[in-house]
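Chemist: To start, I am sharing the structure in question, which I have written as structure tokens.
All of the numbers you see were taken from the coordinates with simple rules; none came from a lab. Just so it is clear, the model here is predicted, and its values are computed rather than measured. Cβ coordinates were reconstructed from backbone atoms using ideal geometry, including for glycine residues, and neighbour counts include every protein chain displayed.
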Amino acid sequence: MDITPPLRFGYADSPFGQLHYAEQGAGRPLLLLHQTPRSWEEFRELIPLLAPHRRVIAMDMVGFGASAKAPAPHTIELLAAGALALLDALDIECADVLGHHTGGVVAVELAASAPERVGLLVLSSTPWTDSRYRRSHADGPGVDEAVHSPGGDHLLTLWRLRQPYYPEPATGLLDRFVHDALAPGVDPAEGHRACARYYMEDKIGSVKTSVLLLGAAADPFALPAMAPLRENLTGALSVTSAVVDGGMIPLMEHKAAEVAGIVTRFLTGTPVEGVS
């Protein structure tokens, strides 16, 4: 008999305004941080798979979803401060953290700047935002940028920019992406710009906990970053790597079962077979 509590939603007061989150499960907290320009909803399939083992909390980061908005320019430090504010509001002293894409960059900042608040760390499809990354993104992220048009052309632009990196048929997943991209007050590209402003090479050496680097085999943007991330996690207690076959940018939704299996093994100290 399944005794896992049902998924519930809440708003927490913070210095940034109210922060929206979804929560399920009990026990040691696990904070999930989404990619740009998504929300907690990116983890809809993953949450119930992890909830039997953890108190899973998936937040809408500051500026996204139904959480409070902040004026641009956004920074990774701002997003990390928002995540800490949610932990404070929920009276959570320490949580394991999983971040996907932009959420992974935020997770690095969390673990580096507030190591006492972060237990185990999962960096999923996380970019390596060094000087080369910043130069290559100086003129914009090249994705999720669309000028709003009275004729609705921006809807198709957002869809087509993402479509090549989504599994076929992509309609359902892209519907969910567009829904989050069009949430009131959200700039779909601003999170990418925040990544391009972040000096990860100055921070990542301060990560002291055990880290799982989780990759998606068919993500051409993030997969190459696994090697420099591992190389620069010089202070980490341990670094484990795993790659999900067939995984693409929507890894959390498309391959939730595979992700849950790998993450659960890592969080429970069980060897992640076939990876190092």
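Chemist: When you scan segment 1-31, how many residues do you find that are outside any loop (DSSP other than H, G, I, E, B) and β-branched (Val, Ile, Thr)?
Modeler: 0
Chemist: All but one of (1) over 25 Å from Pro184 (Cα atoms); (2) surrounded by 24 or more Cβ atoms within 10 Å (Cβ to Cβ); (3) out of contact with any strand residue (DSSP E or B) (no Cβ under 9 Å at 6 or more places or on another chain); (4) among the small types (Gly, Ala, Ser) hold for Gly63; which doesn't?
Modeler: (1)
Chemist: Hey, another quick one. Pro228: under 24 Å from Gly246 (Cα atoms) and in contact with a Phe, Trp or Tyr (Cβ under 6 Å, 6 or more places away or on another chain), yes or no?
Modeler: Criteria met by Pro228.
Chemist: In addition: Being closer than 24 Å to Thr268 by Cα, touching a residue at least 60 places away in the same chain (Cβ under 8 Å) and acidic (Asp, Glu) is the filter here, so list the residues in segment 71-97 that pass it.
Modeler: Within segment 71-97, just Asp96 meets the criteria.
Chemist: At least 1 residues that are among the hydroxyl-bearing types (Ser, Thr, Tyr) in each: list the strands (runs of 3 or more DSSP E) lying fully within segment 46-160 that qualify.
Modeler: Filter on segment 46-160 gives 118-124.
Chemist: Can you tell me which residue is surrounded by the fewest Cβ atoms within 10 Å (Cβ to Cβ) among those in segment 1-44 that are among the β-branched types (Val, Ile, Thr) and more than 14 Å from the chain's Cα centre (by Cα)?
Modeler: It comes out as Ile3.
Chemist: Further question: Failed condition for Thr75, given (1) out of contact with any helix residue (DSSP H, G or I) (no Cβ under 6 Å at 6 or more places or on another chain); (2) surrounded by fewer than 18 Cβ atoms within 10 Å (Cβ to Cβ), with all others met?
Modeler: Unmet condition: (1).
Chemist: Between Ala114, Ala138, Ala107, which is out of contact with any Lys or Arg (no Cβ under 9 Å at 6 or more places or on another chain), within 30 Å of Pro29 (Cα to Cα) and surrounded by fewer than 16 Cβ atoms within 10 Å (Cβ to Cβ)? Let's see the steps before the verdict.
Modeler: Values: Ala138 fails: within 30 Å of Pro29 (Cα to Cα); Ala107 fails: surrounded by fewer than 16 Cβ atoms within 10 Å (Cβ to Cβ).
It is Ala114.
Chemist: Show the residue pairs that are 6+ apart or on different chains and have beta-carbon atoms under 8 Å apart, the first residue being within segment 27-44 and closer than 14 Å to Ala107 by Cα, the second being in a loop (DSSP other than H, G, I, E, B) and aromatic (Phe, Trp, Tyr).
Modeler: Hits for this filter: His34/Phe64; Thr36/Phe64.
Chemist: Can I ask one more? Can you find a residue that is touching a helix residue (DSSP H, G or I) at 6+ places or on another chain (Cβ under 7 Å) and either surrounded by fewer than 21 Cβ atoms within 10 Å (Cβ to Cβ) or not basic (Lys, Arg) (or both) anywhere in segment 224-233?
Modeler: yes
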